[in-house]
Amino acid sequence: MPLSDITIRNTKPADKTRKLADGGGLYIEVAPSGGKWWRFKYRFAGKEKRLSLGVYPDVGLKDAREKHAEARKLLAAGVDPGVEKQAKKRQAKLSAANSFEAIAREFHALKSPIWTPHHATNWISVLEREVFPKFGNRPITEIEAPDVLDVLRAVEARGTFETRGRILQRVRAVFAYGIASGRSRHNPAVEISGALAPRPKVKHFAALSEKELPEFLRALAAYQERAKSSPIVFAATRLLALTFVRTGEVRGAQWSEFDLDAGLWVIPAERMKAREPHSIPLSRQAVEVIRSLHPLTGHLPALFPSRNRDGGTISENTVLKVIERIGYKGRMTGHGFRSIASTFLNNLGTIRPDMIEAQLAHGDKDQVRAAYNRADYIEYRKAMMQFWADTLDKMQTGKKLPKWADYQPHAESYHAAQVIPLRA
């Protein structure tokens with residue numbers, strides 16, 4: 001007599017294993033422990049065999065009968081259902097090992113030792129957030145260009161084109177690694193470039209002109225005198241103006257990076273965009289700004305700690321808010337100091353342009369010259385940065401600007417001058 005759910009539920013365990021038959025070799029096995037397993041008893045090639053069909057109640061009576069029917073069809077076709085089940089398990093295991101996520105993590109583990117910790121963490125976290133939920137568990141051989149395109153278009157729809165570019169680059173790298181390691185035959189991520197929306201033109205950071213800078217500096221000083229700005233935030237803004245480094249490099253500044261007696265700030269490679277350490281000569285004014293912070297934050301690792309996050313630093317919008325409050329919203333940014341300094345110093349026509357580029361930490365495409373520049377031209381740049389700091393002070397007070405000729409190191413003390421001529 002066929003089984004019913006009521007019969008199965010009401011069957012209690014006994015001292016020995018009990019078997020309740022449903023017909024055609026299908027039965028449920030009730031263990032003394034109370035567990036109930038579906039089994040299919042059959043014969044193949046003259047041998048009696050048993051096939052497990054799942055555990056009750058996870059596999060109900062209806063599901064067990066469907067699995068039983070499928071197994072009998074295999075038998076009728078001359079296929080051992082037990083062998084077929086094991087083959088599917090092996091294939092599933094192989095597919096999991098060759099899934100996009102598995103290969104991506106393998107590639108990540110291979111490359112992480114030569115990446116910075118920040119890049120390694122960011123590289124995998126973007127895939128975990130944007131890609132793995134979509135097709136991470138699928139075999140890499142089954143993923144096609146439309147699958148990758150769907151992911152990129154979802155990111156594109158949010159307007160995050162920079163993230164879209166990173167994802168495309170990383171997905172391509174995973175497929176390339178899959179091909180190189182013999183687990184994939186083609187790279188669908190290289191087939192979709194023409195299907196992506198064009199990236200909007202990059203808007204440059206707002207920056208003032210040289211003529212507007214003096215009034216800005218006076219407004220900034222007046223704002224601080226009215227005590228409407230935290231001394232920490234004001235110091236960050238002032239340090240940006242004096243060093244014209246990137247905003248993130250100032251925000252993340254650590255006390256351990258500074259030698260104030262030597263007037264030098266060395267930003268480690270992991271905090272630099274180009275992943276190379278960057279030495280920054282400090283003017284007298286910059287040293288004064290940093291020393292003024294020591295009573296406030298010298299007991300902490302960071303110069304500019306956040307008030308809201310333990311161990312964090314001020315946000316990227318902190319300096320921008322100060323600029324907005326003094327009336328320069330949309331006209332100036334923290335990053336704008338880089339543009340102002342570069343334009344002013346280059347327009348003088350007497351300061352070596354490669355010195356300005358070195359201070360901006362722009363990569364040198366000429367590898368021979370880049371190798372020669374490892375000394376960072378510290379003495380020349382130190383003079384240049386003092387000249388720039390004095391120029392800002394004179395601009396703020398409305399006094400006559402200093403002359404570069406009074407700061408420029410003598411040629412005989414600067415051997416690099418014999419290698420790269422001054423700009424005409």
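I need a count of the residues in the stretch 312-362 that are in a helix (DSSP H, G or I) and of a type in the set (S, T, N, Q).
Pass one, the stretch 312-362, residues in a helix (DSSP H, G or I): 318-328, 336-348, 353-360.
Filter again for of a type in the set (S, T, N, Q), leaving 318, 339, 342-343, 346-347, 359.
Residues that pass the stated criteria total 7.
Can you tell me which residue among Pro231, Pro198, Pro188, Pro146 is over 20 Å from Ser292 (Cα atoms) and touching a residue at least 24 places away in the same chain (Cβ under 8 Å)?
Numbers: Pro231 fails: over 20 Å from Ser292 (Cα atoms); Pro198 fails: touching a residue at least 24 places away in the same chain (Cβ under 8 Å); Pro146 fails: touching a residue at least 24 places away in the same chain (Cβ under 8 Å).
Answer to the selection: Pro188.
Say whether the condition of being closer than 30 Å to Pro139 by Cα and among the hydrophobic types (A, V, I, L, M, F, W, C) is met by at least one residue in the stretch 23-31. Don't jump to the end; show me each part of the working.
Residues of the stretch 23-31 closer than 30 Å to Pro139 by Cα: none.
For the stretch 23-31, residues closer than 30 Å to Pro139 by Cα and among the hydrophobic types (A, V, I, L, M, F, W, C): absent.
It is to be established whether one or more residues within the stretch 4-11 are surrounded by 13 or more Cβ atoms within 10 Å (Cβ to Cβ) and of a type outside the set (Val, Ile, Thr). First the steps, then the outcome.
First, pick out the residues of the stretch 4-11 that are surrounded by 13 or more Cβ atoms within 10 Å (Cβ to Cβ): 7-8, 11.
Add one more test, that the residue is of a type outside the set (Val, Ile, Thr), and what stays is none.
Looking for residues that are surrounded by 13 or more Cβ atoms within 10 Å (Cβ to Cβ) and of a type outside the set (Val, Ile, Thr), one finds none in the stretch 4-11, hence no.
Within the stretch 7-57, being in contact (Cβ under 8 Å) with a residue 24 or more places away in the chain, farther than 27 Å from Gly78 by Cβ and assigned to a strand (DSSP E or B) holds for Ile28, Lys36, Tyr56.
A single member of Ile140, Ile179 is more than 22 Å from Arg199 (Cβ to Cβ) and surrounded by fewer than 16 Cβ atoms within 10 Å (Cβ to Cβ), and it is Ile179. Every condition in (1) more than 28 Å from Glu270 (Cα to Cα); (2) crowded, with 18+ Cβ neighbours inside 10 Å holds for Asp150 except the one numbered (2). Restricted to the stretch 15-70, and to residues there that are over 20 Å from Pro81 (Cα atoms) and among the aliphatic types (A, V, I, L, M), the residue that is surrounded by the most Cβ atoms within 10 Å (Cβ to Cβ) is Val30.
Coordinate-derived values only; no laboratory data. Remember, predicted model here, so these are calculated numbers, not experimental data. All Cβ positions, even for glycine, are placed from backbone atoms using ideal geometry, and neighbour counts span all protein chains on display.
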